[in-house]
Amino acid sequence: MIDTRQTLETPEGTDLSLHPAGFWIRSLAYTVDWLLRIVVVIAIGIVFGASGIGQGLTLVVYFLMEWFYPVFFEVWYGGQTIGKKSFRLKVINDDGTPVTFAASLIRNLLRVVDFLPGFYVTGILASLCNRHFKRLGDLAAGTLVVYAHPVAANPPLENVGSRPVPEDFSTDEQRFLLAFAQRSSTMSAARQAELAQVLAPVLGAGDPVLTIKQMANHIVGNRASRGDPTA
């Protein structure tokens, strides 16, 4: 009941785990962005204050920074403003896809509603009333602020040659072959043999461990590995 993690299934059949960001961490990210905007506006005012266009230019810059700064970064920089990137947050669509221009524009224009009656009271209450911590802008735009966990690189596969995968192997079975080969370096030889023995009748090979690793190489395209019978 207290787990806020959201799991989505991609069109490829892979489960995507999303961790919505709560009110406190989002407030810190917003504070960084707000301070940055203030610094830019003040700097423009100081630099051009002595000229005749100083006040007008400062107001224009303030307008752009207030309303389009977050949209620009969210759409063209992977859903991350500078503040969000500082705390490893990002904005995405509800279906896990990158946030679109229209969705980003809606969620940021509606910040004025979330601000009412002051100090983002409405937005805070809205985020506390749903398990994904969405403010009104997120609810209207269909967006979600999540933690941007770094993507771990897949471990390299052992260079033991390549072997074609049987045509009747399902996607899940091929995924198992690849996962086994990637994790084999963390398992003892006895454990590898124990797990590989489950597929031995299907593989029809004398050494199921070696066969699985060769098929995994074939899946990822490593067909020119040392000892490749198909190269």
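Condition first: under 17 Å from Thr31 (Cβ atoms), outside any helix (DSSP H, G or I) and in the same structural domain as Tyr30 (by TED's automatic domain parsing). Can you find one or more residues in the stretch 57-67 that meet it? Checked against the condition, which is being under 17 Å from Thr31 (Cβ atoms), outside any helix (DSSP H, G or I) and in the same structural domain as Tyr30 (by TED's automatic domain parsing), the stretch 57-67 yields no hits at all.
List, please: which pairs have Cβ atoms under 9 Å, are six or more places apart or on different chains, and start with a residue in the stretch 1-24 that is under 24 Å from Thr171 (Cα atoms) and end with one that is among the hydrophobic types (A, V, I, L, M, F, W, C) and at pLDDT 80 or above? That search, which allows pairs on different chains as well, returns Gln6/Leu18; Gln6/Leu144; Gln6/Val146; Thr7/Leu18; Leu8/Leu18; Leu18/Ile92; Leu18/Leu144; Leu18/Val146.
The lone criterion from (1) of a type in the set (A, V, I, L, M); (2) over 30 Å from Gln174 (Cβ atoms); (3) surrounded by 12 or more Cβ atoms within 10 Å (Cβ to Cβ) left unmet by Ile53 is number (3). So which residues in the stretch 75-124 are of a type in the set (D, E, K, R) and at negative phi? Scanning the stretch 75-124 gives Lys84, Lys85, Lys90, Asp94, Asp95, Arg107, Arg111, Asp114.
Here Val91, Val75 are screened, and the one residue that is crowded, with 16+ Cβ neighbours inside 10 Å, at pLDDT 95 or above, β-branched (Val, Ile, Thr) and in a helix (DSSP H, G or I) is Val75. Residues in the stretch 166-179 that are under 25 Å from the mean Cα position of the chain (by Cα) and of a type outside the set (Lys, Arg): Thr171, Asp172, Gln174, Phe176, Leu178, Ala179.
Quick grid of which residues meet (1) touching a residue at least 24 places away in the same chain (Cβ under 8 Å); (2) under 19 Å from Trp76 (Cβ atoms); (3) over 24 Å from the mean Cα position of the chain (by Cα):
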{"residue": "Arg131", "(1), (2), (3)": "yes, no, no"}
{"residue": "Ala148", "(1), (2), (3)": "yes, yes, no"}
{"residue": "Asn159", "(1), (2), (3)": "yes, no, yes"}
{"residue": "Pro164", "(1), (2), (3)": "yes, no, yes"}
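The values are calculated or read from the model by the stated rules, or taken from the named source; none is laboratory data. Just so you know, these numbers come straight off a predicted model, no measurement behind them. Quick reminder, even Gly has a Cβ in these numbers, built from the backbone with ideal geometry, and neighbours come from all protein chains shown.
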